[in-house]
1. I'd like the Karplus ³J(HN,Hα) series for the stretch 108-122: coefficients 6.51, -1.76, 1.60, θ = phi - 60°, whole numbers in Hz, and an x wherever there's a Gly or Pro.
2. Charges at C-beta only: +1 for Lys and Arg, -1 for Asp and Glu. How large is the resulting dipole of the stretch 1-120 about its Cα centre, in Debye rounded to 20?
3. Any chance you could list the semi-axes, whole Å, largest first, of the equivalent ellipsoid that the Cα gyration tensor gives for the stretch 42-200, using √(5λ)?
4. Quick check: the distance between the Cα centres of the stretch 89-160 and the stretch 34-81, to the nearest angstrom?
5. Sort ASP175, ASP43, ASP74, ASP140 so the one with the fewest other Cβ atoms within 10 Å of its own Cβ comes first.
6. What chymotrypsin sites (Phe, Trp or Tyr not before Pro) in the stretch 29-85 are in a loop by DSSP, with at most 10 other Cβ atoms within 10 Å of the Cβ?
7. Whole-Hz Karplus ³J(HN,Hα) for the stretch 28-38, in order, using 6.51 cos²θ - 1.76 cosθ + 1.60 and θ = phi - 60°, x for Gly and Pro?
8. With charges set only on the Cβ (+1 for Lys and Arg, -1 for Asp and Glu), what does the dipole of the stretch 75-209 come to about its Cα centre, in debye to the nearest 20?
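No value in this document is a laboratory result; all are computed from the given coordinates. Source: prediction; values computed, not measured. As a convention, Cβ positions derive from the backbone with ideal geometry for all residues, glycine included, and neighbour counts pool all protein chains shown.
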Amino acid sequence: MGQSENQQANGRSQGLPPGQRLQRGWPVLHYGPIPRFKPATWDFQVFGATASGEKYSWNHDAFSALPRTEVTGDFHCVTRFSMLGSRWNGVAAATVLELAPPAANVTHVMVWAEYGFSSNLRLADFAAESTVFATHRNGDPLTVEHGFPVRLVVPHLYAWKGPKWVRAVEYMTADRRGFWEERGYHNLGDPWQEQRYSYQEQPGEGPEL
Ligand SMILES: Nc1nc2c(c(=O)[nH]1)N[C@H]1C(S)=C(S)[C@@H](COP(=O)(O)O)O[C@H]1N2
Ligand SMILES: [Mo]
């Protein structure tokens, strides 16, 4: 956990985790079709175990007006390609936690995307200072195939933990597996420990499959 903590703390490039290789360019990888952005109906919601019991929602203008951050962070796909040192601009997950405070007993979040894609994160991984709802990479707006208008980037975990086309965050008081975590991928997904597949999970690292 030491190296992960270090990564979460500084948000700089940490180099290549074991079993990964550098890739030129930025491949596009996802399951299912690319959603069309509909600005009139798009919103970003926070629901589940909020401190107030209320649901939060921002339309695209409101989301675009939230305080922004820039982090430098790496990107590691479990299929073994990595991209190092991208600059990600967007809204820090920590800012979402501030604006929509979770109840005291929240331990995990589920990040939801268009078409029901989801990924679960421990609250500490979500709250890490380099976890960002990114709208831009290296100064350019995300293209639609990379998640426009907003995707999550969690540099210290494998990239499936970063849904493209995010629409909501659910605060949870117990862990629950997301889309790939239910389909053979590791519940935690730390690339430094090569937590690639669910069969590698140790007791306590994830809910039963
Ligand atoms: N909505 C959605 N987000 C997703 C995925 C997906 O299938 N659907 N795949 C994940 C995986 S496995 C990876 S490696 C990255 C790839 O992001 P990229 O296409 O921008 O390289 O997106 C992640 N986010
Ligand atoms: Mo991936």
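1. 9, 10, 10, 9, 9, 10, 3, 6, x, 5, 8, 8, 9, 9, 5
2. Details: 9 positive and 8 negative charges, 102 e Å.
For this selection, approximately 500 debye.
3. Values: eigenvalues 97, 80, 36 Å².
Here the semi-axes work out to 22, 20, 13 Å.
4. Cα centroid to Cα centroid, the span is 6 Å.
5. Values: ASP175 19, ASP43 13, ASP74 24, ASP140 10.
Lowest to highest Cβ neighbour count: ASP140, ASP43, ASP175, ASP74.
6. Numbers: sites: TYR31, PHE37, TRP42, PHE44, PHE47, TYR56, TRP58, PHE63, PHE75, PHE81; in loops: TYR31, PHE37, TRP42.
Taking the stretch 29-85 and a limit of 10 other Cβ atoms within 10 Å, the loop chymotrypsin sites (Phe, Trp or Tyr not before Pro) found are TYR31.
7. Computed from phi, the couplings for the stretch 28-38 are 10, 9, 6, 9, x, x, 8, x, 8, 6, 10 Hz.
8. Rounded to the nearest 20 debye, it is 320 debye.
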